[in-house]
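Presented below is the structure to which this report refers.
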Amino acid sequence: ILPAPATLTPVDRATELDDAPSTAHRSASGASVPTTGSVEPGPGFQLPGLGASLALLWAVGAAALLGRLAFGAWSVRRIVRAARRLEQPEWQTPLYEIADRLGLEAAPVLLQSTEVRMPFAAGLFSTSIVLPAESESWSAERRSAVLVHELGHVRRRDLLGHTLSRVACALYWFHPLVWTAARQLRAESERACDDLAL
């Protein structure tokens with residue numbers, strides 16, 4: 001009574017498969033492989049590795065400290081340019097006498113500035129000694145003691161040593177022993193010049 005099932009010829013089966021919305025086909029191994037509408041996933045955001053992060057952190061710290069060193073050098077140069085020279089005999093006579101006694105080839109330029117409170121020596125190639133404005137009221141003994149101290153820094157080439165120590169601190173800012181060594185270097189240089197003045 002029931003009708004016999006319809007049998008599809010090879011032509012009809014091919015037509016039915018072509019009309020069906022197929023989005024995948026099976027590979028030789030039986031896995032489904034997308035054929036239409038597939039998008040290759042792009043590379044996602046990747047965090048920098050530990051080595052790159054540490055290198056970036058070191059570069060930031062070194063750049064900050066080197067910039068601070070450069071700003072300090074610029075400030076000292078500005079003070080030296082704005083200072084006035086002390087050419088009075090009461091300053092020049094002890095300056096040259098002490099420079100000869102210490103064996104210096106040339107005496108540095110003696111300056112006075114209202115922007116400083118403590119005397120200091122500056123300059124790697126052309127050395128200057130900058131004194132505060134209150135040095136006008138100093139006694140002859142104190143003038144000689146201050147000049148011996150500052151000329152002692154010049155003879156010991158402490159200016160170069162301190163600059164190199166600050167550069168080392170900027171490059172190895174992460175190492176506490178470098179800071180300790182630089183601080184000890186400054187303390188020893190001051191102590192040596194004090195002993196020379198005594």
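Taking Leu177 and the conditions (1) open to solvent by 80 Å² or more (accessible area, probe 1.4 Å); (2) at pLDDT below 95; (3) closer than 30 Å to Ala59 by Cα, which numbered condition does it fall short on, given that it satisfies the others?
Status for Leu177: all satisfied but (2).
In the stretch 119-160, which residue that is within 27 Å of the chain's Cα centre (by Cα) and in a helix (DSSP H, G or I) is surrounded by the fewest Cβ atoms within 10 Å (Cβ to Cβ)? If you could, list the steps in order and put the result at the bottom.
Taking the stretch 119-160 and keeping what is within 27 Å of the chain's Cα centre (by Cα), we get 120-128, 153-154, 156-160.
In the following step, the residues that additionally are in a helix (DSSP H, G or I) were identified as 153-154, 156, 158-160.
On the way: His153: 23, Val154: 21, Arg156: 15, Asp158: 20, Leu159: 18, Leu160: 11.
Here the residue is Leu160.
Tell me which residues, restricted to the stretch 81-94, are open to solvent by less than 40 Å² (accessible area, probe 1.4 Å) and in contact with a strand residue (DSSP E or B) (Cβ under 6 Å, 6 or more places away or on another chain).
Ala83, Leu86, Trp91, listed by residue number.
Please give the number of the condition Glu97 fails out of (1) charged (D, E, K, R); (2) touching a residue at least 24 places away in the same chain (Cβ under 8 Å); (3) surrounded by 12 or more Cβ atoms within 10 Å (Cβ to Cβ).
(2)
Scan the stretch 52-60 and give yes if some residue there is among the β-branched types (Val, Ile, Thr), modelled with pLDDT of 95 or more and open to solvent by 40 Å² or more (accessible area, probe 1.4 Å), otherwise no. Walk me through how you get there before you give the answer.
So the first thing to find is which residues in the stretch 52-60 are among the β-branched types (Val, Ile, Thr), and the list is 60.
Among the residues that remain, those that are also modelled with pLDDT of 95 or more are: 60.
Right, trim to open to solvent by 40 Å² or more (accessible area, probe 1.4 Å) and you get 60.
Within the stretch 52-60, one or more residues are among the β-branched types (Val, Ile, Thr), modelled with pLDDT of 95 or more and open to solvent by 40 Å² or more (accessible area, probe 1.4 Å).
Can you find even one residue in the stretch 69-80 that is touching a residue at least 60 places away in the same chain (Cβ under 8 Å) and surrounded by 11 or more Cβ atoms within 10 Å (Cβ to Cβ)? Let's see the steps before the verdict.
At the first step, the residues of the stretch 69-80 found to be touching a residue at least 60 places away in the same chain (Cβ under 8 Å) are 69.
Right, trim to surrounded by 11 or more Cβ atoms within 10 Å (Cβ to Cβ) and you get 69.
Yes, there is a match, as at least one residue in the stretch 69-80 is touching a residue at least 60 places away in the same chain (Cβ under 8 Å) and surrounded by 11 or more Cβ atoms within 10 Å (Cβ to Cβ).
Would you be able to say whether some residue in the stretch 16-25 is at pLDDT below 90, assigned to a strand (DSSP E or B) and surrounded by 10 or more Cβ atoms within 10 Å (Cβ to Cβ)? Lay out the reasoning, then the answer.
Of the stretch 16-25, the ones at pLDDT below 90 are 16-25.
In the following step, the residues that additionally are assigned to a strand (DSSP E or B) were identified as 24-25.
Applying the additional criterion that residues be surrounded by 10 or more Cβ atoms within 10 Å (Cβ to Cβ) yields 24-25.
Yes, the stretch 16-25 contains a residue that is at pLDDT below 90, assigned to a strand (DSSP E or B) and surrounded by 10 or more Cβ atoms within 10 Å (Cβ to Cβ).
The values are calculated or read from the model by the stated rules, or taken from the named source; none is laboratory data. Being a predicted model, the structure only gives us computed values, none of them experimental. Counting neighbours? That spans all protein chains shown, and the Cβs are built from the backbone with ideal geometry, glycine included. Protein only, heavy atoms only, side chains kept; ligands, DNA and RNA dropped before computing areas. Shrake-Rupley method; radii C 1.70, N 1.55, O 1.52, S 1.80 Å.
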